[in-house]
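The values are calculated or read from the model by the stated rules, or taken from the named source; none is laboratory data. Not measured: the values here are computed from a predicted model. Please note: Cβ atoms are built from the backbone with ideal geometry, for glycine as well, and neighbour counts cover all protein chains shown. Accessible surface is based on the protein model in full, side chains and every heavy atom, while ligands, DNA and RNA are left aside. Shrake-Rupley method; radii C 1.70, N 1.55, O 1.52, S 1.80 Å.
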Amino acid sequence: MAPPCSVSMVFSVEPIKAPQWQKRSHSYEEALELVGYGRAQILLVMLSGFAIMASINEAMGLSIILPASQCDLGLDPGEKGMIGGAIFLGIMASSYFWGFQADTRGRQVVLKYSLIVTSICSVASSFANGFVSLMVLRFITGVCVAAPSATVYAYLGEFCTPSRRVQLISYASVMPSVGIIFVALVGWLTLSFEWSFPIFDTITYKPWRLLFILYTIPGLVAGIVFFFFPETPKFLLSQGREDEALAVLKWLYRINHGAGSEGNYKVEALRTEVGEVKVETQTGLLGVLKSMKDQTVPLLKFPYLKYFLVSCVHSASAFTIYGGLGLWFPQIMNQISSDPSDGTEICSVLQQQPAPTNSSILAICESSVEQDTFIYTAMLGVFGATYCITLSFILRKFKGSTMMVLNMTTAGVAGILLQFFTNSYLVAVLFCVQIMFAGICVMLVNARAVSLFPTHVRGMAVSLVNMIGRLSCFTASAVIGLLMTQNCPLTFYFLSGMLFVSAAVTFLLPPEE
């Protein structure tokens, strides 16, 4: 009897051990590590970069379009400021909605449709015939472009391992600077022509109208390409769609390792991480309101409340400089370059009162854009792109939090120093340092938010953080010009103080992995 018993023991144990080994589940981060790094990540970075570029084109493009269109549309300085701020108001007003949609419907779905509708609104903007119509269309454009301006960070970040996340988002963040160069060069070329032709009784189509369409092309291309890219495996896993998540991971593996290689991918099961919550899409008004509450309440509890508040401080400071001051940069530099006096400090130039004149402002309307405006705008973009690429390599050695403190501090110091120099080129360089070093922090705070918040509230958190940033951007774009003419030194000291405070609160965040 003994031999059969021993044989039975052998056969009863081995079949159990084999499936346990083969079906061992992996965490999501382990599964991403096994995917490897290659063509898939490069394609995702490029696609995400074009989506980020779309929001920059829509906002910065107005700094070129508005001066060229002011005579045709009869815009005064106050109306131009309102139109320039309308897109930021649209972004701010819709960020909460897009965060909810990204966390319940999916990142990819939100990105592809919002980018397409953004392009439609931009095309419609080229046919605006007055202040009201253009402001409304720009507001709607802001509502739509709010989705890619925030959701894309969650989309790209969820395809990246923690060790490469900040670096890859930094690569994608080169594209906003490319967008600034694109806006300057395309505007310079297009506005060099003087053609016009009537299409309606009240509308004559001119080069400045064409710019709305040209500036939206990168976003339109990104929106179309998103139809051919998958949802993030992390989101699918949070929805309980494990098979679909595995299929996407195998797709990534195949892109990285070649056709037919997905059979070599060893992950067969994914396990939900501790603390993750399965998100269920609710229907009906009450269901939607409950879902929005469920996604918002966790952000108001510790430790997420502290992380959220610190992220909001970072976002507000970065957007105030990058968006608010950046929007005024071409006009400020144009005023400095055209100043007849030599060796005058920037604040003395900006606080000069215009000489009285007997001619009516409305009698002569000047709608040409000075060549210096394009040169300095392109210079800002080149500086930003160069620094973004450099930072991508630096982030291999340093943590994102370290670079946040360094960038905020450097931007603050540059904002103070530029007041004491008289050479316009040196002032422009210090302006570029202040604006672009702060602008990089927009990327850093979004990349950090991806790791600070769990999947089921990540889209909401990133969107709300960006909403606070856009609110500060709108406020800054509306008042910076006025404040500088009233008390220029105090304005620069205040902006630098914001950056120093933002650098200090970084130490309240937990250490990065």
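If you take the residues of region 464-490 that are open to solvent by 10 Å² or more (accessible area, probe 1.4 Å), within 24 Å of S94 (Cα to Cα) and among the β-branched types (V, I, T), which of them is modelled with the highest pLDDT?
Only one residue tops the list, namely I468.
Taking region 481-513 on its own, how many of its residues are of a type in the set (F, W, Y) and within 15 Å of L452 (Cβ to Cβ)?
Selection size over region 481-513: 1.
Considering only residues of region 255-302 that are assigned to a helix (DSSP H, G or I), farther than 30 Å from Y96 by Cβ and open to solvent by 80 Å² or more (accessible area, probe 1.4 Å), which is modelled with the highest pLDDT?
The selected residue is H257.
Determine whether region 420-440 contains at least one residue that is within 22 Å of M92 (Cα to Cα) and out of contact with any Leu (no Cβ under 8 Å at 6 or more places or on another chain).
Checked against the condition, which is being within 22 Å of M92 (Cα to Cα) and out of contact with any Leu (no Cβ under 8 Å at 6 or more places or on another chain), region 420-440 yields at least one hit.
Could you please give the count of residues in region 454-463 that are surrounded by fewer than 24 Cβ atoms within 10 Å (Cβ to Cβ) and out of contact with any Lys or Arg (no Cβ under 8 Å at 6 or more places or on another chain)?
Going through region 454-463 one residue at a time, the tally reaches 2.
Filter region 208-228 for residues that are surrounded by fewer than 19 Cβ atoms within 10 Å (Cβ to Cβ) and assigned to a helix (DSSP H, G or I) and give the result.
Residues satisfying the conditions are L210, I213, I217, V221, I224, V225.
Considering only residues that are at pLDDT below 90, of a type in the set (S, T, N, Q) and over 19 Å from C473 (Cα atoms), which ones fall in region 42-74?
S69, Q70
If a residue must be open to solvent by less than 80 Å² (accessible area, probe 1.4 Å), out of contact with any His (no Cβ under 8 Å at 6 or more places or on another chain), within 21 Å of F437 (Cα to Cα) and not aliphatic (A, V, I, L, M), how many such residues does region 491-511 contain?
So the count comes out to 5.
If a residue has to be surrounded by fewer than 18 Cβ atoms within 10 Å (Cβ to Cβ) and farther than 20 Å from T216 by Cα to count, how many in region 83-129 make the cut?
Matching residues across region 83-129 total 4.
Out of all the residues in region 168-179, which are under 22 Å from F235 (Cβ atoms) and among the polar types (S, T, N, Q)?
S173 - this is the single residue of region 168-179 that is under 22 Å from F235 (Cβ atoms) and among the polar types (S, T, N, Q).
Could you pull out the residue among S192, S170, S149 that is among the small types (G, A, S) and in a loop (DSSP other than H, G, I, E, B)?
Details: S170 fails: in a loop (DSSP other than H, G, I, E, B); S149 fails: in a loop (DSSP other than H, G, I, E, B).
Testing whether each residue is among the small types (G, A, S) and in a loop (DSSP other than H, G, I, E, B) leaves just S192.
Looking only at region 146-202, filter to residues that are open to solvent by 10 Å² or more (accessible area, probe 1.4 Å) and in contact with a Phe, Trp or Tyr (Cβ under 6 Å, 6 or more places away or on another chain); which one of those is farthest from T373 (Cα to Cα)?
Top of the filtered list is I199.
From (1) over 18 Å from the mean Cα position of the chain (by Cα); (2) surrounded by 24 or more Cβ atoms within 10 Å (Cβ to Cβ), pick out the condition that doesn't hold for C441.
C441 satisfies every listed condition except (1).
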